[in-house]
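The values are calculated or read from the model by the stated rules, or taken from the named source; none is laboratory data. Bear in mind the structure is a predicted one, so any value in this text is a computation, not a measurement. Heads up, the Cβs are rebuilt from the backbone with ideal geometry, glycines too, and the neighbour counts pull from every protein chain shown. Accessible surface areas use protein heavy atoms only, side chains included; no ligands, DNA or RNA. Shrake-Rupley method; radii C 1.70, N 1.55, O 1.52, S 1.80 Å.
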Amino acid sequence: MNVFLIFLMTLCSGFAEYLISSDQLEVVFEKYLRNAELSPSEYKLQEDIFEILRRPTYMTSKTQFQSEVRSSLDCLLCRSAFSALFQLVKEGANDEDLTQALINICTILNIESENVCRGAVGLNLHIITYIIRNTPEATSRNFCGLVLQRADNPYFCTNDDPRFEWQVELPEQIEDKVPSISDGAPLTVAIITDTHIDPLYEPFGVAECGEPTCCRKGQTLSRSYTYTPITNDVDPAGYWGDYRNCDTPKWAFDDVIDRMASSHQFDVVYYIGDTIDHSVWETTYDMINETHLYLIEKMRKSFGDNVLIVPTIGNHESQPTNQFAPPTITAPKLNTTWLYEALLNKWDYYLTNEAKATFRARGDFSRLVRPGLRVISLNTNTAYKYNWWLVYDPLEPKRHLDWLVQELYKAESAGEKVHILTHIPPGVHDLAYVWTREYNRIVNRFSSTIAAEFNGHVHSDEFKIFYSLSDGRPINVAWGGGAATSYSNYNLNYKIATFDPSTFEAQNIVNYVYNLTEANLTPRRRPHWFQLYDMKNDFAISNLNPETMDRLVHRMVTTDTNLLDLYSAYYSKLSDTRWPYCNSECKIDNLCKIVTTVLWQREKCEELRKEFYSKHKA
């Protein structure tokens, strides 16, 4: 019996009479979903479980032990609930009845409002039930092992499905390499990601709405909101965005694009995905199409036809959010082909015929942007842990990586350098472990071809260093783009990067932001954009190559800890609601993300932690 259950019984009087088994929970969930009558003991178990899950203080326990207890309970409940759902689906239960039952559970547990529960369940359940009905290998462990995957513990809520263990084939190194090709012209790239445009943003509206995304038309103040004792009032949503769980107003997005166009000269734009807002419970095909069209039309009009835009797909682009089906799925409201076709129609101007063909197939493409430099836009969303279709076909992410290997090998053979754009960065808990491991092998194999990588998704401003699998040398750097949204607790930003005209490695990266607090004080005046940092000058480094960036990270924890403070401030882009509250442990955690490119491989992280605390003993 797990220790968390014993602790749970002593913690909560409701569990003092019995131990809980997964079988008991499955029976309770199954009967609840059936709307069947529960026995007195089953009813008591249901109420006790619901009571525990309603307690927000239990979710945010102060002790690590209690946190582990809650996590283990989450795993047990997840598996039990999914097992019950599996059983009912296989017995012929229809989606309509199951939807209502799940909405009831969602609202009873106060997971979200009835509106959010209804929307989220309604958009997702038909995909889950399709997978259950059509995938003999699918189990509750598959689903729960993915959605509850953690960055710090590979043994938590494990998934033992052998289908999730695969390996890409890597070609042998080319012995007589073709010399690198370049016309020697300078290259400047503008980088923007995670715009999350909210067409329903309401300035001075409700920013404490009790839903996942606020500041939207029609929302009301959360019933759980506690008024300030002095003014008995609540701050309204800002005009230029809001640090709380609010996305980007159209006019704020317009200002980002206009500032980029008027303040800088650049040759190419890397747009690294996530155009759609976080209102995941009420997305529609029409809204997604309209927002994507708005983004590309604004960018093209402001930047002009002579500036190439290289886009990448984010996990928020799809309907429903996060769902990327393999191309074998063609049924309406299940397939993702609709998204690739829709984006192809909007991005057509910027894609070659070859790029259009691969993009139409799976959302990936590769194109030469100038002599000697190829950009590969890789769709990482198929490996996202919240993509239900991973349970249906765990090999689909492998096919994307197989294609990446082919493109890199062709580039290597032609003497080209490559920039890789991926929305979700490597090494994070959002991506399936095997994907992070295999991507790391690919980067190792083609480190001499890959000149730079760029990611989005996390909204913070960070970078990642890849290390050689053979001798531990730093071999590559992936640069985060930050985000052009304030969601949540960030300032908006964009970056301007310059590259060596022969190697196409980054020479310098400069980040531009505006302070949201200041901007909202004068809503009728455009925000004051300023240079947050110049990477080379602010961190006193001569270049941005992997060796230099690795030395910089170690300096941050040993000789130059002032740079650690600087990195921490820049990490949130000087957010008024983040960086002042980041203590030493928080700062080291941020550094750990830099040196972790394979999920659960935290040796480099622990090395940094040891170096820091040996220098700063209490």
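The set of residues in the range 108-137 that are modelled with pLDDT under 95, surrounded by fewer than 19 Cβ atoms within 10 Å (Cβ to Cβ) and polar (S, T, N, Q) comprises ASN110, ASN115. When the range 273-315 is filtered for residues that are in contact with a Leu (Cβ under 6 Å, 6 or more places away or on another chain) and within 19 Å of LYS356 (Cα to Cα), only THR312 remains. The residues of the range 240-276 that are part of a helix (DSSP H, G or I) and either more than 13 Å from ILE197 (Cβ to Cβ) or open to solvent by less than 50 Å² (accessible area, probe 1.4 Å) (or both), listed by number, are ALA252, PHE253, ASP254, ASP255, VAL256, ILE257, ASP258, ARG259, MET260, ALA261, SER262, SER263. For the range 579-600, give me each residue that is touching a residue at least 40 places away in the same chain (Cβ under 8 Å) and open to solvent by 40 Å² or more (accessible area, probe 1.4 Å). Answer for the range 579-600, where residues must be touching a residue at least 40 places away in the same chain (Cβ under 8 Å) and open to solvent by 40 Å² or more (accessible area, probe 1.4 Å): LYS593, TRP600. Please find, within the range 27-63, the residue that is farthest from CYS106 (Cα to Cα) out of those that are at pLDDT 70 or above and not in a helix (DSSP H, G or I). If we take residues in the range 27-63 being at pLDDT 70 or above and not in a helix (DSSP H, G or I), then SER39 is farthest from CYS106 (Cα to Cα). Among the residues of the range 132-149, are any in contact with a helix residue (DSSP H, G or I) (Cβ under 7 Å, 6 or more places away or on another chain) and more than 22 Å from LEU102 (Cβ to Cβ)? Yes. Of the residues making up the range 555-567, at least one is part of a loop (DSSP other than H, G, I, E, B) and of a type in the set (Asp, Glu). Of all residues in the range 498-532, those satisfying the criterion of being open to solvent by less than 10 Å² (accessible area, probe 1.4 Å) and closer than 17 Å to TYR570 by Cα are ILE509, ASN511, VAL513, TYR514, LEU516. The residue that is farthest from ASN306 (Cα to Cα), among those in the range 339-368 that are buried (at least 17 other Cβ atoms within 10 Å of the Cβ) and of a type in the set (Phe, Trp, Tyr), is TYR340. Filtering the range 4-25 to residues that are touching a Ser or Thr at 6+ places or on another chain (Cβ under 7 Å) and at pLDDT below 70 leaves PHE4, SER22. The residue that is most open to solvent (accessible area, probe 1.4 Å), counting only those in the range 485-497 that are among the small types (Gly, Ala, Ser) and farther than 30 Å from SER542 by Cβ, is SER488.
Scanning the range 406-439 for residues that are polar (S, T, N, Q) and either open to solvent by 10 Å² or more (accessible area, probe 1.4 Å) or under 21 Å from ASP176 (Cβ atoms) (or both) yields a count of 2. Among the residues of the range 277-314, the ones that are assigned to a helix (DSSP H, G or I) and under 18 Å from the mean Cα position of the chain (by Cα) come to 0 in all. Exactly one residue among ASP160, ASP176, ASP183 is surrounded by fewer than 18 Cβ atoms within 10 Å (Cβ to Cβ), under 30 Å from LEU368 (Cα atoms) and without any contact (Cβ under 8 Å) to a residue 60 or more places away in the chain, and that residue is ASP176. For the structure I just gave you, tell me whether VAL477 is in contact with a Gly (Cβ under 9 Å, 6 or more places away or on another chain), aliphatic (A, V, I, L, M), under 22 Å from LEU564 (Cβ atoms) and buried (at least 22 other Cβ atoms within 10 Å of the Cβ). Considered against the rule, which asks whether it is in contact with a Gly (Cβ under 9 Å, 6 or more places away or on another chain), aliphatic (A, V, I, L, M), under 22 Å from LEU564 (Cβ atoms) and buried (at least 22 other Cβ atoms within 10 Å of the Cβ), VAL477 comes out as no.
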